[in-house]
Each structure stands twice: as C-alpha cells, then as structure tokens.
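The values are calculated or read from the model by the stated rules, or taken from the named source; none is laboratory data. Computed from a predicted model, the values in this text were never measured in an experiment. Here the Cβ is made from the backbone with ideal geometry for all residues, glycine too, and neighbour counts use every protein chain on show.
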Amino acid sequence: MLTTLKDVLTFAEEKNAAIPHFNIDNLETIEAIMDGVEAEQWPVILSVGQGAIKAGQVVYLSDLVKRIASETDIPVVLFLDHGIGYEQAKMVLDLGFTSVMFDGSRLPLEENIRISRQVKELAESYGASIECELGSIGGVEDGMKGGHNLVDLSQVEPFVQAVHPDALAIGIGNAHGMYKAAPSFDFDRIRACRQMKDIPPLVLHGGSGTPDPMIRKAIELGIRKINVATELRMAFMEGLEETVGKRDFYPMLKHAKEKVTAVVVQKIRLFRGSAVWEGKE
Ligand SMILES: [Zn+2]
C-alpha cells in the first residue's frame, strides 16, 4: 500500500521505533528489500537518490514501486532522497512520489527556509510529505560531498516554525557511506531537538555501518527514520562477486538479492525493537 512519510513516521512515533529508508537502484534491489519487508511485516521507505536519477532510472523505478506497493498491505513510501529543488520535487511528484526531501543544508538558513517552504507547499498540494535537513551530513553520497557539520541548535526552532516539515534530518556526526572507524554521535543534540516546540520526527542519514548499540540509542532518544544505502549496495555487489565465476546469470542475481534481503531483515529487527505492525487499518 503506497502511503506518505508522515503516515509511517506517526506510526513509528507511537511505537518508539524507526522506519528504514532503503535506497533503490534497480528491480532486483526493490524485490530483495520487499522480500525482507514481507518476512518482517514492517513499513518501509523506498528511496530514489540523485545517483539513480542521474542514471536515468527515476521513471522506471517509480513505476516498479507503485506496482509492487499496490500488491502488498504493508505501508510503502516512495521517496525522493536529497532533492535539489522545486523543479525536481515537481518532476517526481508528477510521477506519483508520496514524499520528497529537500536538502538545503548547505545553504544559508534564510535560503534553506525559503526554498523548503516552497517545496513544502508544493508537496502539500499533492498530498505528499516533505523531509528537510539542517547541519549537513558528511561523507559522499551519489557523488555529492557533505560538510559533516553538526546541526546548529539555535537554527532548529526558527526553521521548524517557518517550514513545518514532516521530518527533519539533523547532523550529529553521522556520515554517508561506510564508516572507516566507529562514528561518534552527539546524542545530546537529538535530546535537545526533541525538547523543542513542534519538532517533527527526526531522521538519521548515514545508517550504513553504524554499530547497533548506537542505532538503538538514537532510536530511544527519538530518531524515527534511518537511511541505509551503501550497505545494501555492498551486499548486492558482494553477492555478484561471490558467484561471478559460475557465469550463470539468474543464480547470480538470486544470490545477490539474498545478500540484500539478509541486511534488510537485520536492519528492520534493529530499527523496530520489540514493536510490531498490526496490519492494515
Ligand atoms: Zn542522506
């Protein structure tokens, strides 16, 4: 069932759990993710990133997700990751995306607020949700380099009051890609944000390779959406590498998908804790 980010994050908030955001790159990764989602019965965010858009995949990926979502009762969000502006948001909303991110974290606060408000109004007119970002996230994702800045706490309330996003990604020392050493998160920033007025559900980017206890702590403090991209891509590539010698196409794809599904199952169990999704309302 196709639904919005707001919908699944409201559910996550009630359950004190987090919803996984998985980046999708082809049919096989979507199928592999949904195998894990069906096995675990937990809502999911399927996300198209800038790399997939540059590769020309967005129309096909959105068709695949819409079809697959229509065949399951589990809530599925079709999401734009690190959206670059109004025009791109409109392009994907016209394709049937239910939620978009606008990433203005590299912009001065006023500019971030101005464009975030425009994209929020646009998304609302489609009945879609919006995620915004404050304090850029380090590392490299889809060729985009982030600044690894901690969120400036004095900017959070003015931003939230002006934009009213449905979700807010904050920089707490997290980074995209796989961490070379265990990251150090500033958990106090999650705590501080959660105490602010009208704060929407908080988002942690760069979930790949984060030690499990840090993820659990972030969720307990109020993180409601966690993004995982690199770990799925690594699993898929490892699966292909392990079977490439056999030169047997479909068994190779099957093995790669099984590797992805195993990561998906592990992440869902970690993110939901003891919570359960009771099924269709
Ligand atoms: Zn990200």
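Any residue in segment 152-173 that is touching a residue at least 12 places away in the same chain (Cβ under 8 Å) and closer than 21 Å to A12 by Cα sitting within a Cβ distance under 8 Å of a residue that is assigned to a loop (DSSP other than H, G, I, E, B) and β-branched (V, I, T)? List the pairs, counting only those 6 or more apart or interchain.
V160/I199; D166/T4; L168/I199; A169/I137; I170/V151; G171/I137; G171/V151; I172/V151
Could you list, in sequence order, all residues of segment 221-266 that are within 18 Å of the chain's Cα centre (by Cα) and of a type in the set (D, E, K, R)?
Listed by number, the residues that qualify are R224, K225, E231, R233.
Quick one: would you say E131 is away from the ligand (no atom under 16 Å from the Cβ) and either in a helix (DSSP H, G or I) or surrounded by 22 or more Cβ atoms within 10 Å (Cβ to Cβ) (or both)?
In short, no.
For segment 50-65, which positions are modelled with pLDDT of 95 or more, away from the ligand (no atom under 16 Å from the Cβ) and either crowded, with 17+ Cβ neighbours inside 10 Å or part of a loop (DSSP other than H, G, I, E, B) (or both)?
Result: A55, V58, L61, S62, L64, V65.
On the basis of being within 24 Å of K259 (Cα to Cα), out of contact with any Lys or Arg (no Cβ under 7 Å at 6 or more places or on another chain) and outside any strand (DSSP E or B), does L46 make the cut?
The answer is no for L46.
Looking for whichever is more than 24 Å from D25 (Cβ to Cβ) and either touching a residue at least 24 places away in the same chain (Cβ under 8 Å) or surrounded by fewer than 20 Cβ atoms within 10 Å (Cβ to Cβ) (or both) here; the options are R247, R233, R224. Which one fits?
Criteria check complete, one pass: R224.
Looking at I113, I84, I30 in this structure, which one is more than 18 Å from the chain's Cα centre (by Cα) and either small (G, A, S) or buried (at least 16 other Cβ atoms within 10 Å of the Cβ) (or both)?
Just one listed residue meets the conditions, I113.
Could you pull out the residue among S105, S116, S99, S47 that is touching a strand residue (DSSP E or B) at 6+ places or on another chain (Cβ under 7 Å) and either among the charged types (D, E, K, R) or modelled with pLDDT under 95 (or both)?
S105
Consider G138 carefully, then state whether it is among the small types (G, A, S), at pLDDT below 95, in contact with a helix residue (DSSP H, G or I) (Cβ under 7 Å, 6 or more places away or on another chain) and within 16 Å of the ligand (Cβ to nearest atom).
Judged against the criteria, G138 is not a match.
Could you tell me whether any residue of segment 168-184 is in a loop (DSSP other than H, G, I, E, B), more than 15 Å from the ligand (Cβ to nearest atom) and in contact with a Phe, Trp or Tyr (Cβ under 8 Å, 6 or more places away or on another chain)?
The answer is no; no qualifying residue exists.
Just a yes or no: is a residue in segment 104-124 under 18 Å from H21 (Cα atoms), away from the ligand (no atom under 16 Å from the Cβ) and in a helix (DSSP H, G or I)?
Checking segment 104-124: not a single residue is under 18 Å from H21 (Cα atoms), away from the ligand (no atom under 16 Å from the Cβ) and in a helix (DSSP H, G or I).
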